[in-house]
Amino acid sequence: MIEIFSPTDLERAKASGRFIATTLQSLQDRVEVGTNLLEIDEWTKEMISQAGATSCYVDYDPSFGDGPFGHYICTSVNDAVLHGMPHDYALKNGDLLTLDLAVSLNGIVADAAISFTVGELADPADVKMIEATQRALAAGIAAAQPGARIGDISHAIGSVLTAAGFPVNTDFGGHGVGTTMHQEPHISNAGRPGEGYKLRPGLLLAIEPWIMADTAELVTDADGWTLRSVTGSRTAHTEHTIAITDKGPVILTTVD
């Protein structure tokens, strides 16, 4: 399913995006050495409830997961890159943490992710990875012009990641959003320009470059959800939800 939204709907989408952005920023500000992943999940639950929003994760039960996710946010640490299930783990100095959050507010979903290091021992290699995903995301957003193709976004993302020296996995990537979390079109993190679905004003897209330091191969954790690098190498993931408009892409998951 692909949904196209009216300008009025896009104003509602901005509210969803702003909530996601402020929530992730609040969580990052609260996280410190010793914070437990289950605490982060509980904080997220409280903020979602206070906003009158609805979690997209608690009852999420896709074919690639092992039963309903059962939590409010994805917390991926170090070698975990996607779908990190919160569990009893206290963060350590230098851990690389990714928070990925999707909620529905006023009937429209927004989805975003941030990666950052915990404490004061940021490894330069981790910073390099995070910055590569941020640059790739910016390039993908810049390519998301009305009349362009999904392949243009994918090519822009993949070009940045490859130039930075990182392998690119295409099993999971960005996607359309709307009244539900995961919609068509799929947005691979590598692709050919000029191919795929033509972008139209009113389309909402979640664009999400993610990488592993030295591999493109994933392994699923024993929890049936958390995806890790097969080599145990560190990972990073950055995501925004955008709206395609007549004047170009608009980032929704921002506090501005």
Index of the failed condition, residue 174 passing every other in (1) surrounded by 14 or more Cβ atoms within 10 Å (Cβ to Cβ); (2) over 29 Å from residue 13 (Cα atoms): (2)
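Each row is one residue, and each column tells you yes or no for (1) surrounded by 15 or more Cβ atoms within 10 Å (Cβ to Cβ); (2) in a loop (DSSP other than H, G, I, E, B).
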{"site": "1", "(1), (2)": "no, yes"}
{"site": "9", "(1), (2)": "yes, no"}
{"site": "19", "(1), (2)": "yes, no"}
{"site": "27", "(1), (2)": "yes, no"}
{"site": "34", "(1), (2)": "no, yes"}
{"site": "41", "(1), (2)": "yes, no"}
{"site": "50", "(1), (2)": "no, no"}
{"site": "59", "(1), (2)": "no, yes"}
{"site": "69", "(1), (2)": "yes, yes"}
When residues of segment 186-226 are limited to those that are open to solvent by 10 Å² or more (accessible area, probe 1.4 Å) and assigned to a strand (DSSP E or B), the one nearest to residue 111 (Cα to Cα): 186
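Tell me, please, whether a residue that is among the small types (Gly, Ala, Ser), modelled with pLDDT of 95 or more, in contact with a Gly (Cβ under 6 Å, 6 or more places away or on another chain) and in a loop (DSSP other than H, G, I, E, B) can be found in segment 167-177.
No, every residue in segment 167-177 fails to be among the small types (Gly, Ala, Ser), modelled with pLDDT of 95 or more, in contact with a Gly (Cβ under 6 Å, 6 or more places away or on another chain) and in a loop (DSSP other than H, G, I, E, B).
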Residue ID - surrounded by the most Cβ atoms within 10 Å (Cβ to Cβ), chosen from residues in segment 107-145 that are out of contact with any strand residue (DSSP E or B) (no Cβ under 8 Å at 6 or more places or on another chain) and under 20 Å from residue 14 (Cβ atoms): 138
First in segment 19-34 and over 13 Å from residue 252 (Cα atoms), second anywhere and of a type in the set (A, V, I, L, M, F, W, C) and exposed (fewer than 13 other Cβ atoms within 10 Å of the Cβ), Cβ under 9 Å, 6 or more apart: 25/255; 33/90; 34/90
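The values are calculated or read from the model by the stated rules, or taken from the named source; none is laboratory data. Since we're looking at a predicted model, the values are computed, not measured. Heads up, the Cβs are rebuilt from the backbone with ideal geometry, glycines too, and the neighbour counts pull from every protein chain shown. Quick note on the areas: whole protein, heavy atoms, side chains included, nothing else; ligands and nucleic acids left out. Shrake-Rupley method; radii C 1.70, N 1.55, O 1.52, S 1.80 Å.
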